[in-house]
Every structure is written in structure tokens, then in C-alpha cells.
Amino acid sequence: MPAAVHVQIRERFASGREAALVRLALRPLEDLARHRGAPLFVLSPRDCVFICDGIEPADIAAASSLPEPDVLLPAMTIRPLIRCYDLGEADDRLALIALARAHAEGSADEAGSTEPSRRPMDARALADLHGRLKSMRIADFVHRQTALIATGGGRFLPLFQEVFVSIADLQSRLAPQIDVFGRPALFRYLTEILDVHVLKALADEQLVSEHPLSLNLNVRTILSPAFQTMVATRDRTRPLYVEVQVSDLLANPAGFQKAAHVVREARCQFCIDGLTPLMLAFLDIGTIAADFFKIAWHEAELAVQPPQRREAFAARIAAIAPERVIFTRIETIDALQIAVELGVKRLQGHIVDRLAAAVPASER
């Protein structure tokens, strides 16, 4: 099993020289990747990840440190932060996935910066939230985002409408002094509680849509009686999509396999959410039992890559089959165009929201 190496340039420079100096520091890394045949993914102007066999961390550290003295950096050496991940270890794979998702969501630079006035959620705060939710309509906290399918000639048709609880709305209205993300184990319990409320709202017809719905659920929720109750009451003439986070899959492979079977028995479409281009380099997608794979668009990983890296990514998409891929976080026309060039016609994101609003009512 190969290893992954994350290289982060931490030094800060005068704003006028920042981009050029960081680029100068990363250039030897690109040469190393090319000569050793190691896939290199640029997560941000300051972060890149190697997927490699046979490259020692010391080699990477040496390649990414500018010699001293340097014409541009007199009396200064760039010493990047090097983190290694053993892709044969489940914990390391989960950590790398968390890193990739943080960058894809634009939150990596904000990691660890919590509101000083908020205290981490504890068991008592979770129980209080649970009690208050029982007397409220979960539909009031639900946001919706439509996924479209490109049908050619600049035309788009709705694929599904994803419904999800806005944690930000929930926190601001019910727990403004609580950091609900502060303790991951308790946050997972919170998401499972919310799952149950969403399933009940669906069964009670509080979540109605002219399009097929898509629910993002935890594996444990799918294996719970609440999911079976929803299945027993839902209108099977209308398609339903069920999404599971890739981190949930890796954390609980056996549970995931059972959940995939349950979803198929319920005649729902099964999606894996939370993938990024980086993850496709070390996850064996072919072994994952799913109907669709949602891959988050990431500008640094896709739009600015040299042609050979774009070709490598296109080959991974082709191996999955473009008709099983849904690109998410499509925010620009350029991103939309590149997705279509790769053969991916199922799309989701802010610009897709605007396209969805333009779909004639007769075609919705």
C-alpha cells in the first residue's frame, strides 16, 4: 500500500512577493514528482500531497527547502511542514480524507479557529438540543440544493433535490453559546439525531418537492428502525437518493456494506458523498458498491493542473464511468465546462442552482 505525503509551506512573506516565492519553493517538488512518477495534487497555493512509493520524506523535505543564501530569499530557508500518511492504515486514510475535504470546502485555513465565547458541546448540551428538537419542525432548518443533468444543447434537467439540515442555522437558533463541532463523537450523535428527525419529516410529508429527493444519512441511521419506518411509508413510485459520506464508509466498512444492501432493498439510489480528486488516487472506487459518486470540484486540483495531471484525472473518471459521477461545488462556468469535457453531466453547486432556476416549469 503506498504512502501519501502532505507538504505545507508555512512561511509568510510580503504580499507582493508571496505567490512567486511559494511557487519557487514548490517547483522542485513538481520536478521530483515527475521524475519519480508520483501523482502530485495541489490542494492550495501552499499545500500539496504526493501519492508515492519509494520516496522518503527526507527527499521531499530536501527538495522543498530553498538553499541558503538565495537570491530571492537572502538568509532565509523555507522549511515546509511534512506529514506522512500510511494508506494501509484506516486512521491515516481518514485523516487524509479530512484534510482533502477541508481544502475542498475552503475551511483548512480556518481549522482550529473557534469562537472564543462558545464552549464545546458536552453530553448535557446534546441532551438539551435533542429535547428542544422534539418540539420543533426540522423542516424549518432544512436547506435544499438541486442537482442537474446536462442533456445537450445547453439544456439541463433536474436530477434530484438534496435536502439537508443547516448546522449553522441550528446552532445560531438553538445553541449560540455551544460549539457543536468541538467534540467529534458527540457531533456524530447529533447528526444521527438530526437524521431521525429528517426521516420522520419525510414520512410525515413535511419535505415535499417536485423533484426526487436526496438524503445525506449516517450508516448507523440507515441500519436503524427509523429508516425502515420511512421505507415502509414512502411512495415507491418516486425515486429517492441516499447519500453516505466516504469517511463513514472507511470508518465502518462492515456497516457500510450492510447499509448498501438495505438501501438497494429499499429500491433507492445509493451515492457516496465527500470525495475529492485527491481521494481517487488512493481509494479503490471499483470495490465500492454505489450507484453514484459525488466528487467535490476543487479549483487548485483541477483547473490549474498541467495537461498530464488532467489526463490522469480524466482516466480515473473514465474508470468509474462518467455517468456514475456527480460533480459538486460547481461555482463557475469554467468548472462547468471542464466537467462536461470530462463527460460528467450530473452537476451540483451554486452556478447549477442558477441554472436550475432557469429550467422551464414544464420541464421540472
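Coordinate-derived values only; no laboratory data. Keep in mind the model is a prediction, meaning the values are calculated, not measured. Here Cβ is always computed from backbone atoms with ideal geometry, including for glycine, and neighbour counts include all displayed protein chains.
Quick notes
- The orientation-averaged projected area of the convex hull spanned by the Cα atoms of segment 126-167 comes to 3.7 nm².
- As a proxy for reagent exposure, MET121, MET136 were ordered by neighbouring Cβ count within 10 angstrom, fewest first; the result is MET136, MET121.
- Whether segment 119-363 is rounded, prolate or oblate, judged on the alpha carbon gyration tensor where a/c under 1.5 counts as rounded: prolate
- Between GLU331 and ALA185, full extension at 0.36 nm per residue minus the direct alpha carbon distance yields a gain of 49.4 nm.
- Take the Cα of GLU341, step 7 Å toward its Cβ, do the same at ARG264, and the gap between the two points is 3.6 nm.
- Calculated FRET value between ARG236 and ILE82, using beta carbons and R₀ = 41 Å, to 0.05: 0.20
- Taking ARG316, ARG354 and counting other C-beta atoms within 10 Å, the order from fewest to most: ARG354, ARG316
- Cβ-Cβ FRET estimate between ARG310 and ASP284, R0 fixed at 22 Å, reported to 0.05: 0.50
- 10 Å beta-carbon shell around ASN252, net charge (K/R +1, D/E -1): +1
- Which of PHE50, PHE41 has the fewest Cβ neighbours within 10 Å, and the rest in rising order: PHE50, PHE41
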